[in-house]
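Before any comments, here is the structure.
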Amino acid sequence: MPVSSEQLVSVVIPAYNAEETLDETLCSVRAQTHGNLEIIIVDDGSTDTTCALAERHAAADPRVQLLHQPNSGVAAARNAGWQQARSAFIAFLDADDLWASTKIERQLQALQAAGPRAGLAYAWTVQIDPGGFMGRCYGGIHHQGDVLSELLRGNFLCCGSNALTRREALMDAEGFDSRLRDAGFEGCEDWLLHCRIAETYAFVRVPEYLVGYRFLHNSMSSNKQRMLRSQMLACRQIAARRPDLASVAMEGLQNYCAWLMREAIDRRDPKQVWSLWWLMWKEHPTGALWVLRQLLLDPVRYVRDRLGRSMGGIGAESTRPSGQSFLEMTRF
């Protein structure tokens, strides 16, 4: 049974047609060793059995509540959840991702120990497949304190299910920006929010693998062209806010494009590789040439990346054993 704690933590789970994964996701939240949780599921206009599944969990666990909204996108769903939340500490979890049982406990300890200037705590991430088995591990990242430049160069949090955030930091950053969806390119709302938080607050890291990031072929992250367009729009916003960091944001965009193309190469998808590079060329020709040079003219670095010493600015790949169940590996 989860241990009790005085500090309430709110967990916000946006869910849209998540019937295949939501049950396992909720079980990983309800099994947290930090037991004083408020678990808010925001149904984003699902048309499958997502709501019925969430209601079963709510009937079994009084910490679980379900909110409904017309389909408005993940940013609007997350905003609806945290604005409803009662806690000073808020975590977000996508409906297809998983947490290790000590995730909230470890991050809350780190955030409280760092004091009020620390606005966000993050941990290391493991990519998991549809069955919950581990693939690549993104660890070895130790950025703390003022991390804005490093975050612009690469999203070392990896996904939107990682951060535990102070409410004040969310409010100061004005929450998640739904304009990316309005433009037709959802995908980087979490990274953009984290960059805004990093403008004002310090980050703290928990050097443990506590987040399972599930890759599904029909998930938002599988649409690489949309993800790249979303990143482009986000970088444009950042450059407008912080002209002094525009070149750093462009460096991060190049890193991200190279990483997406490497993922497509690994999946033997030459059409995807070409589409990504052509999109980069149309928007940022100089950046596209840099990406091409990284992929074609520096094979030593590319081999090194695939062996896990670098991750194209996203984070370092680890040699931790893969092919095993994430929840089994992270059970303490």
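The values are calculated or read from the model by the stated rules, or taken from the named source; none is laboratory data. Just so it is clear, the model here is predicted, and its values are computed rather than measured. Neighbour counts are summed over all protein chains in view; Cβ atoms, including those assigned to glycine, are modelled from backbone coordinates with ideal geometry.
Of all the residues that make up the range 58-77, how many are of a type outside the set (Lys, Arg) and assigned to a loop (DSSP other than H, G, I, E, B)?
Number satisfying all stated conditions: 6.
List every residue pair whose Cβ atoms sit under 9 Å apart, with the two residues 6 or more apart in sequence or on different chains, where the first one lies in the range 261-280 and is under 14 Å from residue 215 (Cβ atoms) and the second, anywhere, is loosely packed, with under 12 Cβ neighbours inside 10 Å.
Hits for this filter: 264/270; 264/271.
Of the numbered conditions (1) within 20 Å of residue 278 (Cβ to Cβ); (2) surrounded by fewer than 24 Cβ atoms within 10 Å (Cβ to Cβ), residue 258 satisfies every one except a single condition; which is it?
Result: residue 258 fails condition (2) only.
Quick check: is even one residue across the range 170-187 at pLDDT 85 or above, in contact with a helix residue (DSSP H, G or I) (Cβ under 8 Å, 6 or more places away or on another chain) and within 12 Å of residue 157 (Cβ to Cβ)?
No: the range 170-187 contains no residue that is at pLDDT 85 or above, in contact with a helix residue (DSSP H, G or I) (Cβ under 8 Å, 6 or more places away or on another chain) and within 12 Å of residue 157 (Cβ to Cβ).
Which condition from (1) buried (at least 21 other Cβ atoms within 10 Å of the Cβ); (2) out of contact with any Phe, Trp or Tyr (no Cβ under 7 Å at 6 or more places or on another chain); (3) not in a loop (DSSP other than H, G, I, E, B) is the one that residue 18 breaks?
Of the numbered conditions (1) buried (at least 21 other Cβ atoms within 10 Å of the Cβ); (2) out of contact with any Phe, Trp or Tyr (no Cβ under 7 Å at 6 or more places or on another chain); (3) not in a loop (DSSP other than H, G, I, E, B), the odd one out for residue 18 is (3).
Within the group 108, 98, 148, which residue is within 30 Å of residue 53 (Cα to Cα) and touching a helix residue (DSSP H, G or I) at 6+ places or on another chain (Cβ under 7 Å)?
Going through 108, 98, 148 in turn, the sole match is 98.
Quick check on residue 80: is it surrounded by 16 or more Cβ atoms within 10 Å (Cβ to Cβ), outside any loop (DSSP other than H, G, I, E, B) and free of Cβ contacts under 8 Å to residues at least 60 places away in the same chain?
The answer is yes for residue 80.
Identify the single condition in (1) assigned to a loop (DSSP other than H, G, I, E, B); (2) under 18 Å from residue 80 (Cβ atoms); (3) not β-branched (Val, Ile, Thr) that residue 32 does not satisfy, given that it satisfies every other one.
Unmet condition: (2).
In this structure, does residue 267 turn out to be farther than 21 Å from residue 97 by Cα, modelled with pLDDT under 90 and not polar (S, T, N, Q)?
yes
Looking only at residues that are of a type in the set (Gly, Ala, Ser) and touching an Asp or Glu at 6+ places or on another chain (Cβ under 8 Å) in the range 51-74, which one is surrounded by the most Cβ atoms within 10 Å (Cβ to Cβ)?
54
Counting only residues that are more than 27 Å from residue 250 (Cβ to Cβ), give me the strands (runs of 3 or more DSSP E) lying completely in the range 83-166 with at least 3 of them.
Those strands (runs of 3 or more DSSP E) span 89-92, 118-128, 134-139.
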